[in-house]
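Q: Below: one structure in structure tokens.
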Amino acid sequence: MPDVLDVAIVGAGFGGLHAIHHLREKGYNVHAYDAAGDVGGTWYWNRYPGAVVDIESIEYSFSFSDEIQQEWNWKRRYSTRDELMEYINWVADKLDLRRSITFNTRISSAVFDEAANLWSLTTDKGDVIKAHYCIMATGFLSAPNEPRFEGLADFKGETYHSAKWPKNKVDFSGKRVGIIGVGSSGIQIIPIVAEEAKHLTVFQRTPVFAVPLRNGPIDEEFAKEVKANYPEWRRREREESFGGWISVNKKPVELVTELCLESTPEQRRALYEDRYKNGGLAIYNNYPDLYTNREANDTLVEFLHEKIRERIKDPELAEKLLPRGFPVLAKRLCCDTNYYEAYNRDNVSLVDVKANPIERFTEKGVVVAGVEHELDAVIFATGFDALTGALSRMDICGLGGETLKEHWAEGAKTTLGLMIHNFPNMFILGGPGSPVPLFQPVLLGEDQTRWIGDCLAYMDKHGYARIDATQAAEEKWVKACTDAVNATLFPLAQSWYMGANVPGKTRIGLCYFGGITNYWAACNSAARNGYEGFDLSK
Ligand code: NA7
């Protein structure tokens, strides 16, 4: 390896792997670092029982190589974590990516050397890596959220976090298990652990909207058809979709342009049933006013309440599981396999920790409302310090000694979700200010990397050594993000999209909610105009 890399990449998940390949192909000297023992990013760590992706396999996959798209055959309609890991490993081998990655190595700090225009990255082993550019492919759902519960250290039972699950199978049989958290991870874990544990106690703060995933073996005819038309599918995912996926009931669907409030109840019902029949995230492909108008949104709330009630035998319990008081889709929709049905079992009970938050842990269990729930094991499915956590937990220091923590003290700020003012030559994939939570992250990562690759080529061509987002451009982008989110119903929910799930985190629209087309129009226009909004210097 050279003394100074062209590009250091932090992270070897989907984004980092594609970045290695793309930039290597462009002739750059690239090396990536990952704290994990292997490729996979967040999928490497999220080994919890039931882990599965909520976007159809045929869409949640790399698009940059037709050879890869054609050669790989998906087994499941939605890939389990294990199948995704097989795929990611296969891609890494096929493209010989591992020679450009150092595993088991966490980057603990990154400091910009202003005189030399170089990033110095220090690893947890004390090694220092120097690079002209640095790409943070650190993932938007990778830094676990681990709430500090009083007395947790006294608890004598086992503890697990969904995002740091052990490699060996955990055996819950005969045990009294508690689970805190009913987001996507919790609702995937619950039905499986319920079958194994002696008793499962679910500590629920906010009930979620969950719809059936309807997973199963992939329909091979459908997969063949998509493969035969991949360029058009990918184009439409990128240009004519809500979230980067277009498959609904095995057909590529158009964006809905009619408004909910201008449709008849019968038309609405037909659309909702159609999306529900597909399962998974198809519901996002819906009336546009569901995202902006509470009255419209309520029609879908009502529809989903009805569907949830049908799945739970005890009507009183069903009421406790119904999400209320915030718009549907404003928090990430959850996709489940037998989640609500798990509550029909005798060995599953629900404890509301909204009205009465968890008081403390004891040696034996968890105390809520003065009642001690004795447990042998507790699963924390408490999510992530999303979008910012992976970066703000690293010591990153830019121009004039400013740290990223200082820069983001009042909330994350970026330009186009790609760069941060005062942190030159550092790019982010799927970071705050990007559309990542609302757009298929694999495709977004590919496209952002292409933008970065083009930018590096431009810098080389013109002899520039430093690129930094201007303060004005950053303020403009933060305003664009704020205006876009405020035009929607998203701020009405306490979600990780808004930074509301981590105590003490600034509540701000953490991503760009203005739509993928507008996002790329802004990024491409900046590039076309000689990287307008960025200071380039020699
Ligand atoms: P989520 O969706 O953020 O869910 C975390 C869950 O943990 C959620 O139910 C939280 O309740 C709950 N939580 C967090 N802290 C506490 C405390 N202190 N007490 C009780 N309950 C708590 O994370 P996931 O890992 O499930 O999913 C993240 C994304 O991964 C998902 O959106 C998909 O995109 C894939 P809350 O809702 O905050 O009241």
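Q: How many residues does the range 124-144 hold that are within 11 Å of the ligand (Cβ to nearest atom), touching a His at 6+ places or on another chain (Cβ under 9 Å) and assigned to a loop (DSSP other than H, G, I, E, B)?
A: 0
Q: Then there's this: State the number of residues belonging to the range 454-505 that are within 16 Å of the ligand (Cβ to nearest atom) and either touching a Pro at 6+ places or on another chain (Cβ under 6 Å) or in contact (Cβ under 8 Å) with a residue 12 or more places away in the chain (or both).
A: Here the count works out to 14.
Q: Another one. Of the residues 76, 47, which is in contact with a Pro (Cβ under 7 Å, 6 or more places away or on another chain) and either of a type outside the set (Lys, Arg) or closer than 30 Å to residue 379 by Cα (or both)?
A: Step by step, each of 76, 47 is checked, and only 76 is in contact with a Pro (Cβ under 7 Å, 6 or more places away or on another chain) and either of a type outside the set (Lys, Arg) or closer than 30 Å to residue 379 by Cα (or both).
Q: Might you check whether a residue that is surrounded by 18 or more Cβ atoms within 10 Å (Cβ to Cβ), in contact (Cβ under 8 Å) with a residue 24 or more places away in the chain, closer than 28 Å to residue 397 by Cα and out of contact with any Pro (no Cβ under 6 Å at 6 or more places or on another chain) occurs anywhere in the range 145-155?
A: Yes.
Q: Sort through 431, 417, 445, 401 and tell me the only one that's at positive phi and crowded, with 20+ Cβ neighbours inside 10 Å. Steps first, answer last, please.
A: Values: 431 fails: at positive phi; 445 fails: at positive phi; 401 fails: crowded, with 20+ Cβ neighbours inside 10 Å.
Going through 431, 417, 445, 401 in turn, just one is at positive phi and crowded, with 20+ Cβ neighbours inside 10 Å: 417.
Q: Filter the range 145-162 for residues that are within 14 Å of the ligand (Cβ to nearest atom) and part of a loop (DSSP other than H, G, I, E, B); which is farthest from residue 386 (Cα to Cα)?
A: 151
Q: Just the residues that are surrounded by 18 or more Cβ atoms within 10 Å (Cβ to Cβ) and not aromatic (Phe, Trp, Tyr), please, taken from the range 86-114.
A: 88, 91, 92, 95, 97, 100, 101, 105, 107, 110
Q: With respect to residue 263, determine if the residue is within 16 Å of the ligand (Cβ to nearest atom) and polar (S, T, N, Q).
A: Numbers: within 16 Å of the ligand (Cβ to nearest atom): no; polar (S, T, N, Q): yes.
Taking the combined requirement at face value, the residue does not satisfy it.
Q: Take the residues of the range 348-388 that are assigned to a loop (DSSP other than H, G, I, E, B), hydrophobic (A, V, I, L, M, F, W, C) and under 30 Å from residue 136 (Cβ atoms): which is farthest from the chain's Cα centre (by Cα)?
A: It comes out as 381.
Q: Please give the strands (runs of 3 or more DSSP E) falling wholly within the range 163-259 in which 1 or more residues are modelled with pLDDT of 95 or more and over 25 Å from residue 301 (Cα atoms).
A: Output list reads 176-180, 199-204.
Q: Check whether at least one residue in the range 384-394 is away from the ligand (no atom under 16 Å from the Cβ) and in contact with a Lys or Arg (Cβ under 7 Å, 6 or more places away or on another chain), and report yes or no.
A: yes
Q: Inside the range 260-272, can you point out the residues that are over 22 Å from residue 210 (Cβ atoms) and either modelled with pLDDT under 95 or among the hydroxyl-bearing types (Ser, Thr, Tyr) (or both)?
A: Selection gives 263, 264.
Q: For the range 450-484, which positions are touching a Gly at 6+ places or on another chain (Cβ under 7 Å) and part of a helix (DSSP H, G or I)? Reasoning before the result, please.
A: Keep residues of the range 450-484 that are touching a Gly at 6+ places or on another chain (Cβ under 7 Å), which gives 469-470, 473, 477, 480-482, 484.
473, 477, 480, 481, 482, 484 - these are the residues of the range 450-484 that are touching a Gly at 6+ places or on another chain (Cβ under 7 Å) and part of a helix (DSSP H, G or I).
Q: Turning to a different aspect of this structure: Hey, does the range 66-77 have a residue that's within 17 Å of residue 16 (Cβ to Cβ) and either touching a residue at least 40 places away in the same chain (Cβ under 8 Å) or within 22 Å of the chain's Cα centre (by Cα) (or both)?
A: no
Q: Surrounded by 16 or more Cβ atoms within 10 Å (Cβ to Cβ), within 30 Å of residue 220 (Cα to Cα), of a type in the set (A, V, I, L, M) and in contact (Cβ under 8 Å) with a residue 12 or more places away in the chain: does that describe residue 296? Walk me through it before giving the result.
A: Details: surrounded by 16 or more Cβ atoms within 10 Å (Cβ to Cβ): yes; within 30 Å of residue 220 (Cα to Cα): no; of a type in the set (A, V, I, L, M): yes; in contact (Cβ under 8 Å) with a residue 12 or more places away in the chain: yes.
Against the criterion (surrounded by 16 or more Cβ atoms within 10 Å (Cβ to Cβ), within 30 Å of residue 220 (Cα to Cα), of a type in the set (A, V, I, L, M) and in contact (Cβ under 8 Å) with a residue 12 or more places away in the chain), residue 296 does not qualify.
Q: For residue 213, state whether it is in contact (Cβ under 8 Å) with a residue 24 or more places away in the chain, in contact with a Ser or Thr (Cβ under 6 Å, 6 or more places away or on another chain) and among the hydrophobic types (A, V, I, L, M, F, W, C). Explain how you work it out, then say what you get.
A: Details: in contact (Cβ under 8 Å) with a residue 24 or more places away in the chain: yes; in contact with a Ser or Thr (Cβ under 6 Å, 6 or more places away or on another chain): yes; among the hydrophobic types (A, V, I, L, M, F, W, C): yes.
Criteria met by residue 213.
The values are calculated or read from the model by the stated rules, or taken from the named source; none is laboratory data. All of these numbers come straight from a predicted model, not from anything done at the bench. Cβ sites come from the backbone with ideal geometry, for glycine too, and all protein chains shown count toward neighbours.
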